[in-house]
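The values are calculated or read from the model by the stated rules, or taken from the named source; none is laboratory data. These numbers come from a predicted model, not from an experiment. Cβ coordinates were reconstructed from backbone atoms using ideal geometry, including for glycine residues, and neighbour counts include every protein chain displayed. Side chains included, ligands, DNA and RNA excluded: accessible areas come from the protein's heavy atoms. Shrake-Rupley method; radii C 1.70, N 1.55, O 1.52, S 1.80 Å.
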Amino acid sequence: MGAFILKRLFQAFIAVFGVLTFVFFLQRLTGDPVALLAPVNTTAEDLERIRHSLGLDRPLIVQYLDFLWGVVRLDLGRSLAQSIPVSDLIWSRLPYTLWLAVSSLVFALVLGVPLGVIMAVWRRHKLMAIPSTIVLAGQSLPTFWSGIMFILIFAVGLGWLPSSGARTPNSVILPMVALGLFSMATFARVMRTAMIDELSKDYIRTARAKGVPKNAMIARHLMRNSLIPLITMLALELANLLAGAAVVETVFAWPGLGQLAVQSIGARDFPVVQGVVLLGAVTAISLNFLADVLYGAVDPRIRVGRGG
Amino acid sequence: MIANPVIPRGRWLRAALLSSVIAFAGLSGHAALAKETIVIDLVDEPQSLDPHLHANNSALYTYGNMFDNLLTRDNAGKIIPNIATKWSQLSDTEIEFTIRDDVTFHDGSPLTAEDVAFSIQRIIDPAYGSDWISTFAAIAGAEATGPNTVKVTTKTVYPLTLGMMTKLPVVPKAVVEKVGDEAFNLSPVGSGPYKFVAWNRGVSVDMAAYDGYWGEKPEFPKAEFRIVPDAATRVADLQTGAADLIVTLTPDLAVQIQAEPGLKVETVATERMAYLKLNLEAKPFDDIRVREAIASAIDREGLVQGLLLGIGGVESEQLIAPSSFGSDPNPPAFPAYDPDHARELVKEVSPDGPIPMTLVNRPPYSQSVAEAVQQMLIDVGFDATLEVKEGGTWYQQVTGDPAQHPDGYFINMSCSCGDADGLFTLVFGKGANFAKATGATDETEALLVKGRTTLDEGERMEAYEAMADWVAETLPIIPMYQVSQIYAMNEKLSFTPTPNETMFINRMAWSE
């Protein structure tokens, strides 16, 4: 297991390094941030001086090494657009994104898993068209559209929930649902497939033969074995939720990292984009790593196989 | 486009929802009490609350209510006293301002001539790195000459000093020196009608009315500027009463709001001009007949009425907005919309077929306008192609070597300075970033220099009229329309938008 973890850690390091390098150079292909940040009447000399004071007139390779050295020291630099440290910006936004992503995940699990179980166990029932439609909708509605529809229905039409922002505790509900729908659908589908797979296995036939009641069988045997694929999905979905937050946070004016990333990309605020991407990459890679380890914990076959 | 799904939200949806849940309908109304807090939805985060540092619109709206400028403009654009009550020209390059003696900062300390001089020195200091540095480039320095007098020195004879001082926020010297630039930006202290309360990153900037304000006090004890990036969400905020005033709307959203009871839309034609810039160093666009053909092919009325729904802009054949000094009261004749004439001219220049033409646009300039102009040009015999570029790459192309320029590009340009010098210099001035391949000559440069180094208003006016004539004869740009800023608000709020896009809460009123 130790060697396995070391190997995965090394891979994770390479992946983060690759992402950072890619983002660094990709951004610099998109043009000059100074020209976009300064007012239109800024003279060429003043633009040059701003470039110099921000260190953007140095050779690209020097800027790159400086950036990497900063990352090593956990110094992400200063925002070009807002003139404050990137880490301050990220820390102020991170709790909102975590809160939104985790509540969306919980929403997706609480709704998606039972839905998947129902769809598997009663898969031949006529009424199964209803959960299927919900899942299909969750999977196919783009969040920027469903988000605005939720606002129109629940905030403008019914007045139940705030239309935007993060001022009151119930502000999270609409973005949570908009963001969680897709994951909900994914969980329901994965759960359904896994359950149906398990249903056809020998141990189920044995359990049925010895007269285990249906509900006990679902709870004790089926669920447990069907959870394995779900755990892998869980880590991937959390990463997806963090990514999907970019759209949802913009629609709902939710002050998280996704919104910060979108605005910073628009403003060519290189250091902020790099900071958010670094955090995103580390999070996604750690989650995958965690999934692998958890996977082993739930299913001894995997642990033995890989650890050997 | 994200906004579109909102439009077909027919009345049926609302009717169905409301009828099914009548019990909850009452919850979405507005509070009928006196207005405690005014909530304004902005598009993005203010780049800084230190008013000398950054200059995006959100920042201007926000710190504009916490700081006083040395001078200000009334809603019609006229320069009026503010912190300075009067001023006199000591010499060609020196102006003395007399400062009010009853102004205090939010920490209770009095605002003095020292603070004004310090503010000017700070904004022009290259080491400080203000976004405003080019705006204040003509200033050589400032010093307090008495407890209530400040002498401002310009590098040359400069007629725009007063206009510039409407953009000079006064900061407290003692506070800035004590806490440092960084801390001052995060917790600003001004002398304006509102004092800073909190900056919730990504959410809002909160303010409270300053009891010791010297001027007209605002009606609302509290103000909140919120950050709501999505236009459809800003509209929803307004509809639910979560916001009282929202900025930057598309014309189609504005039309939708106009139909809603309890809400209203206010627009103002700003100094921002939308025009097509031609490349006078590319063949055959160096031929005046070709440029005349382009000018005759563009149907301004169609663009403004059809695409901007008569809300997003006001037709203009001039670069300088009528609200600015130097706008020509008797503008020169500009080629009228006449596609047949355009076709003839194209045939004359290129009898063998269409003239190839490359056009470039960038967001956020209207893409539908760019596409419509492309089609108008195709209709009269240009083989026009339109490319959309991202801001940074667009900027590099159109400010770089003219050999790499497109034949034409779309741009919305403003100086928000209320003076013809602003746009004429930005668009045609020697060495200006955007003034490439314009056909500008030594004579036009001499006019611009005369305009910005002569104190006599009559002579300045003549220079700008001559510039306007030159533009109409040479056609280096094809002006299309003045861009309108669209605001939507609760019907109870009265707010007069201004051409220079200011938003002073103490000029607003609320009536139940």
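Taking all protein chains as shown and a probe of 1.4 angstrom, B:V268 keeps an accessible surface of around 20 Å². Ordered by solvent-accessible area of protein heavy atoms (1.4 Å probe), largest first, the residues A:W160, A:W99, B:W394 come out as A:W99, A:W160, B:W394. First check a/c for segment B:354-512, with a ≥ b ≥ c the square roots of the eigenvalues of its C-alpha gyration tensor; if it is under 1.5, answer rounded, and if not, answer prolate when a/b is larger than b/c or oblate otherwise. Judged from the Cα gyration tensor, segment B:354-512 comes out oblate (a/c at least 1.5, b/c at or above a/b). Among the DSSP helices (H) of chain A, those spanning at least 24 angstrom by Cα along their long axis with an average Kyte-Doolittle hydropathy of 0.5 or more are A:2-28, A:86-121, A:173-199, A:223-251, A:270-298; this is a geometric and hydropathy rule only. GNM on chain A, alpha-carbon springs under 10 angstrom: the most fluctuating residue among A:P169, A:P114, A:P229 is A:P169.
For segment A:27-45, a drop of 50 Å² or more in accessible area on going from the chain alone to the assembled protein chains (1.4 Å probe) is found at A:L36, A:P39, A:V40, A:N41.
Shape class of chain A from the alpha-carbon gyration tensor: oblate, with a/c at 1.5 or above and b/c at least as large as a/b.
Strictly over 28 Å apart at the Cα level, which of B:K283/B:K430; B:K167/B:K492; B:K155/B:K195; B:K35/B:K195; B:K151/B:K222; B:K86/B:K217 would you flag in this model? Among B:K283/B:K430; B:K167/B:K492; B:K155/B:K195; B:K35/B:K195; B:K151/B:K222; B:K86/B:K217, the Cα-Cα distance tops 28 Å for B:K167/B:K492; B:K155/B:K195; B:K151/B:K222. Extension gain, B:L186 to B:K283: 0.36 nm times the residue separation minus the Cα-Cα distance gives 29.7 nm. Under 20 Å of direct C-alpha separation, and excluding same-chain neighbours fewer than eight residues apart, A:K7 reaches these aspartates and glutamates: A:D292. Within straight-line reach of B:K389, meaning a Cα separation under 15 Å, sit the following aspartates and glutamates at least 8 residues removed in sequence or on another chain: A:D32, B:E371, B:D407.
The alpha-carbon of A:K126 sits under 22 angstrom from the alpha-carbons of these lysines, leaving out residues fewer than 8 places away in its chain: A:K214. Please work out whether chain B counts as rounded, prolate or oblate from its C-alpha gyration tensor, where a ≥ b ≥ c are the square roots of the eigenvalues and a/c under 1.5 means rounded, while otherwise a/b larger than b/c means prolate and anything else oblate? Taking the square roots of the gyration eigenvalues as a ≥ b ≥ c, chain B is oblate. Within segment A:64-108, the trypsin sites (Lys or Arg not before Pro) that combine a DSSP coil assignment with at most 10 other C-beta atoms in a 10 angstrom radius are A:R73. The candidates A:H221, B:H54, arranged from most to least accessible area with a 1.4 Å probe in the full protein assembly, appear as A:H221, B:H54.
What quantity of accessible surface, computed with a 1.4 Å probe and excluding non-protein components, is buried in total between chains B and A, in Å² to the nearest 100? It would help to have the intermediate numbers written out before the result.
Numbers: alone 21690 and 17040 Å², together 34360 Å².
Rounded to the nearest hundred, the buried surface is 4400 Å².
Here the protein assembly as shown has 61 percent of its accessible surface on carbon and sulfur atoms, given a 1.4 Å probe and all protein chains in place.
Per-residue shielding of B:224-233, expressed as the average number of other chain Cβ atoms within 10 Å of the residue Cβ, stands at 6. Our note on the geometry: Cα centres of segment A:7-81 and segment B:360-384, 35 Å apart.
In the context of the full set of protein chains, residues of the protein assembly as shown present 42 Å² of accessible surface per residue (probe radius 1.4 Å, heavy atoms only).
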